[in-house]
Amino acid sequence: MRKTALPLGFFLALAAILSAAAPIHAQTVPVTTVVTVLGPKYTPPPAISKDDLAVYEGKQKRDINSWVPAQGDKAALELAIVIDDADSPDLGIQFNDITTFIKSQPKTTGVAIFYASNGTVQAASQFNTDHDAVVKALRMPFGRGAAYNSIYLSLMDLISRWPVTRARREILLLADGIDRFRGDPFSPDVPAAVEKAQKAGIIIHTLFTSGVGRFSRNFFRVSQGQNNLAQLSDGTGGDSFFQGTQTPISFSPFLQQLETVLKNQFFLTYATERSKKKGGELRGFRVHSEQRDVEISHAQKVFVPGP
């Protein structure tokens with residue numbers, strides 16, 4: 001029986017077809033983000049494993065590569081406490097609560113204190129696991145409500161200068177959230193700060209404290225400031241703490257809740273399609289669990305690298 005040789009073009013076409021039909025896994029990339037898991041009302045959660053979770057991008061379910069508690073050799077945390085210098089000097093009466101909170105942090109947590117003004121931050125104390133030394137850098141805010149103050153520009157300045165390490169990176173922001181530079185509502189610097197934090201994988205927690213000046217006496221501006229702070233926390237996977245429209249008499253209940261948050265975090269790594277954009281992109285996702293009495297929080301978007 002005579003055999004006919006197939007032309008080279010046939011094999012080239014076949015290779016192209018097979019390449020196009022290659023499994024999607026060949027085009028995926030792992031992305032890692034920090035997820036907080038709590039029980040009801042800031043209580044520790046029940047045990048939760050990788051098998052209890054599902055990750056979705058839109059309606060597309062993604063494969064989970066790993067689910068690692070931020071404990072043991074993964075417990076490292078860099079916690080930046082950012083205090084707006086536009087805050088009222090009366091904030092000093094809550095310094096005992098802040099001091100207790102800082103001193104209660106484990107040795108795996110490096111704490112730094114920054115004061116925000118004029119669109120930048122000034123370090124009162126760099127990241128340090130010697131918490132007794134850190135608390136000595138605390139001072140009362142100057143109470144400068146200048147028209148050019150923007151806490152959001154200050155946050156972006158801090159994020160831009162914060163080196164990447166293997167540690168979790170989180171911010172506790174004490175501010176009234178009012179944008180005295182761009183104005184409210186709909187300050188463009190709020191979503192810009194959220195986006196910058198999402199790209200850097202930084203979580204922002206906020207604690208409302210009253211500012212100074214006429215804006216701090218305007219109920220509409222104060223309410224908008226609280227909305228801005230909530231956007232920061234919601235967008236980055238953090239928590240927002242409020243007690244009405246005034247500085248809480250005690251920070252202790254909120255800081256205890258934050259401590260519970262920090263103790264119940266996990267590194268989630270899942271596979272997603274690599275971005276087609278050269279510089280990568282932010283992509284929305286959600287983490288779901290069928291377990292009862294479990295509250296899951298994380299950034300609304302995660303950075304996905306490009307080619």
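The values are calculated or read from the model by the stated rules, or taken from the named source; none is laboratory data. Computed from a predicted model, the values in this text were never measured in an experiment. Methodologically, a virtual Cβ is constructed for each residue, glycine included, from the backbone with ideal geometry; neighbour enumeration extends over all protein chains shown. Heads up: the accessible areas ignore ligands, DNA and RNA and are worked out on the full protein's heavy atoms, side chains in. Shrake-Rupley method; radii C 1.70, N 1.55, O 1.52, S 1.80 Å.
Structural remarks
- VAL287 closer than 23 Å to GLN198 by Cβ, touching a His at 6+ places or on another chain (Cβ under 7 Å) and in a strand (DSSP E or B): yes
Table: residues versus (1) farther than 22 Å from LEU262 by Cα; (2) surrounded by 19 or more Cβ atoms within 10 Å (Cβ to Cβ); (3) among the acidic types (Asp, Glu).
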{"site": "ARG139", "(1), (2), (3)": "yes, no, no"}
{"site": "TYR152", "(1), (2), (3)": "yes, yes, no"}
{"site": "LEU158", "(1), (2), (3)": "no, yes, no"}
{"site": "ARG161", "(1), (2), (3)": "yes, no, no"}
{"site": "THR165", "(1), (2), (3)": "no, no, no"}
{"site": "ARG169", "(1), (2), (3)": "no, yes, no"}
{"site": "ARG180", "(1), (2), (3)": "yes, yes, no"}
{"site": "VAL190", "(1), (2), (3)": "yes, yes, no"}
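- Selection within the stretch 58-83 - open to solvent by 20 Å² or more (accessible area, probe 1.4 Å) and either in a strand (DSSP E or B) or in contact with a Phe, Trp or Tyr (Cβ under 6 Å, 6 or more places away or on another chain) (or both): GLN60, LYS61, ARG62, ILE64, ASN65, SER66, TRP67, VAL68, PRO69, GLU78
- When we screen THR272, THR247 for residues that are crowded, with 19+ Cβ neighbours inside 10 Å, out of contact with any Gly (no Cβ under 7 Å at 6 or more places or on another chain), part of a loop (DSSP other than H, G, I, E, B) and not small (Gly, Ala, Ser), the only hit is THR247.
- Selection status of THR236, surrounded by 20 or more Cβ atoms within 10 Å (Cβ to Cβ) and either among the polar types (S, T, N, Q) or at pLDDT below 95 (or both): yes
- Contact annotation: residue pairs with Cβ atoms under 6 Å, 6 or more positions apart or on different chains, pairing a residue in the stretch 54-81 that is touching a residue at least 12 places away in the same chain (Cβ under 8 Å) and closer than 11 Å to LEU262 by Cα with a partner that is outside any loop (DSSP other than H, G, I, E, B) and among the β-branched types (Val, Ile, Thr), are LEU77/THR109; LEU79/THR109; LEU79/VAL111.
- Just one of (1) of a type outside the set (Val, Ile, Thr); (2) at pLDDT below 95; (3) touching a strand residue (DSSP E or B) at 6+ places or on another chain (Cβ under 9 Å) fails for ALA26. It is (3).
- Scanning the stretch 84-119 for residues that are β-branched (Val, Ile, Thr) and exposed (fewer than 15 other Cβ atoms within 10 Å of the Cβ) turns up ILE93, THR100.
- Selection within the stretch 106-123 - closer than 18 Å to ARG169 by Cβ and touching a residue at least 60 places away in the same chain (Cβ under 8 Å): THR109
- Residue match in the stretch 275-287 (condition: touching a helix residue (DSSP H, G or I) at 6+ places or on another chain (Cβ under 8 Å) and either free of Cβ contacts under 8 Å to residues at least 12 places away in the same chain or open to solvent by 40 Å² or more (accessible area, probe 1.4 Å) (or both)): no
- Residues in the stretch 290-307 that are assigned to a loop (DSSP other than H, G, I, E, B) and either acidic (Asp, Glu) or open to solvent by less than 70 Å² (accessible area, probe 1.4 Å) (or both): 8 in all.
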